[in-house]
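For reference, the structure is listed below as structure tokens.
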Amino acid sequence: MTDEQAMWRVQTQDDHRAFARLVERWETPIRNLCARMTGDVHRGEDLKQDVFTRVFEKRQAYQPSQRFSTWMWRIALNLCYDEARRVKRRPEVSLEADGLDGAESSDFPTPELTPDAWLEQREQGELVRQALRQVPELYRTVLVLRHYERLKLREIAEVLEVPEGTVNSRMAEGLAQLTRLLEGQFDQLKGTKAPAKAKPRREILSL
């Protein structure tokens, strides 16, 4: 059953099993999106619940001709924006906390990395996450959707209802701002006094 088919059953039959299937498929990416957008993994969990509540409440507003994923991303982002307006000061909470998938949340060194290299990568990843929270929402949205949620440019454009060229320009500016925020911090992490050498812009988001 596709997402669209499941949502059609939710919309027309209040099918709770179909809805549970959508939750199972989407709860991790939606939680991660909310955590990265708000800078708080615990608030991300709460917002994830709010997103699925909103999806069910608004089920009659869903248009079967559109992709379910686009509709859901839009709901999630709008709730994140609402949260940002409510909370003026972001808490200093590490996104390394339990609940985020990916290499950055690994609790143990991988066989490919020595313990020292693993620790350095983990610390660099935390610097990236802290810097990402300082990037304006306009650019952070595109960075998170593209580099963490792996959406294509046309998919991001569809979610945000802007041209692909706008997505490209926002991504370039967001990466530039992130690079400036991180400039010199990686070298300081190593305890060196050498001039800062910023990592390639796209590479830093893989940490």
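The values are calculated or read from the model by the stated rules, or taken from the named source; none is laboratory data. Since the structure is predicted, the reported quantities are computational estimates derived from the model, not experimental observations. Glycine gets a Cβ as well: all are built from the backbone with ideal geometry, and neighbour counts include every protein chain shown.
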Verdict on residue 120 being more than 30 Å from residue 6 (Cα to Cα), at pLDDT below 65, assigned by TED's automatic domain parsing to the domain that holds residue 27 and surrounded by 13 or more Cβ atoms within 10 Å (Cβ to Cβ): no
Residues (assigned to a helix (DSSP H, G or I) and not hydrophobic (A, V, I, L, M, F, W, C)) located in the stretch 29-46: 29, 31, 32, 36, 38, 42, 43, 44, 45, 46
Every pair of residues 6+ apart whose Cβ atoms lie under 8 Å, when the first sits in the stretch 4-18 and is more than 14 Å from residue 60 (Cβ to Cβ) while the second is in a loop (DSSP other than H, G, I, E, B): 4/64; 4/67; 6/15; 18/1
Top-ranked residue of the stretch 47-69 - restricted to ones that are in contact (Cβ under 8 Å) with a residue 60 or more places away in the chain and part of a helix (DSSP H, G or I), ranked as farthest from residue 33 (Cα to Cα): 68
Qualifying residue in the stretch 91-105 (condition: modelled with pLDDT under 95, assigned by TED's automatic domain parsing to the domain that holds residue 13, of a type in the set (S, T, N, Q) and farther than 30 Å from residue 154 by Cα): yes
Residue in the stretch 12-28 that is acidic (Asp, Glu) and either at pLDDT below 95 or not in a helix (DSSP H, G or I) (or both) present: yes
Residue match in the stretch 76-85 (condition: within 21 Å of residue 140 (Cα to Cα) and either modelled with pLDDT under 90 or not assigned by TED's automatic domain parsing to the domain that holds residue 13 (or both)): yes
Subset tally (residues that are under 17 Å from residue 58 (Cβ atoms) and either assigned by TED's automatic domain parsing to the domain that holds residue 143 or in contact (Cβ under 8 Å) with a residue 40 or more places away in the chain (or both)) for the stretch 19-33: 3
Subset of the stretch 150-207 [more than 30 Å from residue 71 (Cβ to Cβ), modelled with pLDDT of 85 or more and not β-branched (Val, Ile, Thr)]: 176, 180, 181, 182
